[in-house]
Structures are given as structure tokens and as C-alpha cells.
Amino acid sequence: MTISKRVRRIAQWFLLSLGLLVLVVAVDAWLYPRLVRPGGRVVNRGQNGIWLRYTWYFGEHDSRDLGRLVERLERHGVRDAFFHVRGLSKDGRLRFRYLAQAKALTDGLHERDPKIHAIAWIYAGNEKGGGPIDLRSAGVRHTMAAEAAWLVKDAGFDGVQWDYEICPDDDQDFLKLLLETRAALPNGAYLGADVPGWYPPPLSGVGWSEDYYREVASRCDGMAVMAYDSGMPIPRSYVWWVSQQTIRITKAAAEGNPMCRVLIGVPTYKNSTLSHIASVENLRLALIGVRDGLAGGADLSAWQGVSIFADYTTDDRDWLTFDELWPKGERHR
């Protein structure tokens, strides 16, 4: 056999193998969501979370809306309600300070059910996240901490959740912000952080290391893992990835701070983007991944629950899926 024929033969085998691999992956991506059945473990303590739109903080809902919201949260075991208060100016100040509307929201929520926590969800975007915030500035961090304190002391929120994006692994300035926010908040106020996911090698640089989760946990009360926009291309890989968040981040949190609790954020939004394929990342598959992780070595001492992203993209069918796959109580399946 001549060299040219040998090269052609190798090329043909390579293309055939590649084609078969693509076919297998495509078939698996189609079959897996249809055939997979939820197993693992359910640990639903009625302490779940949900992210809610800024319209609540802006006062665009009346008392009837609030009553319906409270009933929905109670029915589905949601304790932590993260109300978006929008973003910050370059100097670290809230772009929107709606005291009367915030007080009406927090007072009304506490009157209807004091067990539900009203938490101010603050987006703090840096240059990489399309925002103006530079945490290297001590003055900016000081102002941000003061604004967080205003939301609790004056606006009536039970605490704050920093959504700092895009936060690289081992960002020391974010750790400073957490410490400075804690010092500014009144005793007993909740301090939480939205955190990106963990990724395996060679993608480790995309997310955080377990060491950094420990550092963040040591400085706050709760971490809500954004287990969506993962870029995972097929359903099976996404379910595995969510299970790893549940295992690895609960372990890291327990090691970093025995008082820190972990929420795994699960998506209900339906639009597809480069980082979110709706047929891959959805509520059903995310909950299956959580359950697998809870049965696969998660540290339950740090476990709080799941958090829905977001209230405004969750329809009746999603709530049925939530109740079916995430029933209250603890059980193995």
C-alpha cells in the first residue's frame, strides 16, 4: 500500500469515527431527557429560595399581588425571597432608592408571613459583567456596604445578597467587600452571595476553585450557586455538572464556615443563548442533578435547598414539575 493510500484510509476511518461519535452524542442528547428518571435523594426542608423582578422593589405590585405571592411561596416551601433592587452607579451608590415602596413591600411581607425572608438582591457588575463597579477602590466598597446597610436598616429588608459579576476565582477585593458589608449590617442581618459554578479541568478557570468557595463561605451566611448559563452542550453533561455543584460546594461551605448554607439555583427561563440551551438547562434536569448530588456525597450540614431563577419565568407547568421532583421532606428514591 502506498503512503498516499494509507493516508486516505486513515482519513476515511477518522471521518467515519467522528461521524459515529457525533451520531451517538446526538441520539443521547435526544433520548436522555425523555428516558431519564429522577433518582437520588430529596432533601426539601422548606427553606428554598427564589429570585424576583425589580418591579416589586419599584412598587409596581399592589397588596393583592403581594398576597398571591406569599401564598405561592408558602405553598411551594420557599423561605428566601431575593428581590432585585437593580444595580449601582460607578461610585457604589444604588441607582434606585425607593424607600416608601421598599417599606411597603417588606412590611407587607412580614405582616403576612414573618417566616419568609425579604432579601435585597443587588447586582454589582464590573467591567467584564457590563457594569461600572471597580472593587479595587476602598471608597467604592465602603459606599456599597453603606447602601447594603440602608436597605436593611431603613428599607426593612432582612439582609442583602451580592450579585457581583463577573467575579474571578480568588478575587481578594470581593472578600473585602463581604467583610466590610458584614461590619456595616446590623447584627442578625443576612449576608449572601451569588456565586458561579465549579468546572472540571481543563475548564477550571471558568469557575471558582473549592478553596475560594471556602473563603467566601467564611465571610457570609449563604451562597446561591448560579447553576445555569453553564455552556453545557448536552443534557447528560448538565445533570452531572449540577450534581457536582451540589457535592463540591456544600463540602467547601461546611469546611469554610459551619454556619454558611448553600442554595443551588435552578433555571426556569426558556430562551436559548450561547451559554444556555433550553433543552439542556431546564428545571427538570437541574432538579435531577441536585438529587443525584444529594445522594452522591453532598454535605447536608451546609445544605439549604434550591433557588428558582426566576419568579417571572416560572409558569404553572414549572411549579408542577417543582412539586413533583422536589416534594417537601427527606426521602431516597
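The values are calculated or read from the model by the stated rules, or taken from the named source; none is laboratory data. This structure is a prediction, so every number in the text was calculated from the model and none was measured. Quick reminder, even Gly has a Cβ in these numbers, built from the backbone with ideal geometry, and neighbours come from all protein chains shown.
Let me confirm something: among Tyr32, Tyr54, which residue is modelled with pLDDT of 90 or more and either farther than 30 Å from Ala224 by Cα or among the aromatic types (Phe, Trp, Tyr) (or both)?
Step by step, each of Tyr32, Tyr54 is checked, and only Tyr54 is modelled with pLDDT of 90 or more and either farther than 30 Å from Ala224 by Cα or among the aromatic types (Phe, Trp, Tyr) (or both).
Listed here are the residues, each with its yes/no results for (1) touching a helix residue (DSSP H, G or I) at 6+ places or on another chain (Cβ under 6 Å); (2) free of Cβ contacts under 8 Å to residues at least 60 places away in the same chain; (3) crowded, with 24+ Cβ neighbours inside 10 Å; (4) in a strand (DSSP E or B).
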position	(1), (2), (3), (4)
Pro258	no, yes, no, no
Ile264	yes, yes, yes, yes
Ser272	no, yes, no, no
Arg284	yes, no, no, no
Ala298	yes, yes, yes, no
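Of the residues Ala189, Ala224, Ala184, Ala217, only one is in contact (Cβ under 8 Å) with a residue 12 or more places away in the chain, crowded, with 18+ Cβ neighbours inside 10 Å and out of contact with any helix residue (DSSP H, G or I) (no Cβ under 8 Å at 6 or more places or on another chain); which?
Ala224
Identify, please: which residue in region 84-100 is of a type outside the set (D, E, K, R) and either free of Cβ contacts under 8 Å to residues at least 40 places away in the same chain or surrounded by fewer than 18 Cβ atoms within 10 Å (Cβ to Cβ) (or both) and is, among those, farthest from Asp194 (Cα to Cα)?
Ala100
Condition first: assigned to a strand (DSSP E or B) and among the polar types (S, T, N, Q). Now tell me which residues in region 25-81 satisfy that. Talk me through it step by step, then tell me what you get.
Going residue by residue through region 25-81, those that are assigned to a strand (DSSP E or B) are 41-44, 48-52, 78-81.
Of everything in region 25-81, those that are assigned to a strand (DSSP E or B) and among the polar types (S, T, N, Q) turn out to be Asn44, Asn48.
Spot the failing condition for His110; the list is (1) crowded, with 18+ Cβ neighbours inside 10 Å; (2) outside any loop (DSSP other than H, G, I, E, B), and only one is missed.
All conditions are met except number (1).
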